[in-house]
Amino acid sequence: MTESIPPVRPCDDSGIREQLLASAHEIPRSLPVLTNELDRQPLQLPEIFEQTRTTFAAWPKNVGGQFVVPDNHGGLRELKNAKELFAYLGDRFELRWNSGSRSITKEEFFAYVLHHIPAYEAVELLPHWPAVPGGLYHHRSTAGHVRSDRPIPGLFRTGEPSGS
C-alpha cells in the first residue's frame, strides 16, 4: 500500500513583510531626547544646552574655535558645522528639532555650544611636564598593542642601581 504524500503548498507570507517593516519603526529607543521646544513653546539656548549637560561633560571640545570629537580610530575629528554636530548628537540623543520661526535654529545652537564647552588652545598628543597651559591632552589608545600578562623588561626603573 502506498501512501499519498500531500502536495507541497507555497508558504503564505502575505503581510509578514509589512508587519516587520511596521514594527521596525516601533522599536523603542533608550536615548534621551534633545529638543528645542517643550509643549509647543520654544526653549531658550541655555535650556536646550542643559539637556546635553551629561553628554557634553566629556565631548565635544572647543580647540582653537573648532569642535573636536573622538573618531572611530582613537584620534580626533572636527565637526565643521551644525549638520555635522547634529549627526554626532544623533548617536547620543533622540532628536526632536522644530524649525518654526520662533524656535532656536541648529546653527544658533552650534554657535552657542561652541562658546559654552571646555576650550583649549591646541591638541597635545604627548604628555608634557609641566603640562602645557591650554593644551588638550589626547593620545591614541594603545589597547591591543601591549600584552598585559608579561612585564616588559626595563620599562620601569625602580631607582635601585642595576647589577649590584
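Structure summary
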quantity	calculated
Kirkwood-based shape ratio for segment 38-100, expressed as Rg/Rh from alpha carbons	0.99
Cβ-based net charge around Val68, under 12 Å, with every Lys or Arg adding one and every Asp or Glu removing one	0
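Each value in this text was obtained by applying a stated rule to the coordinates, not by laboratory testing. Being a predicted model, the structure only gives us computed values, none of them experimental. Here Cβ is always computed from backbone atoms with ideal geometry, including for glycine, and neighbour counts include all displayed protein chains.
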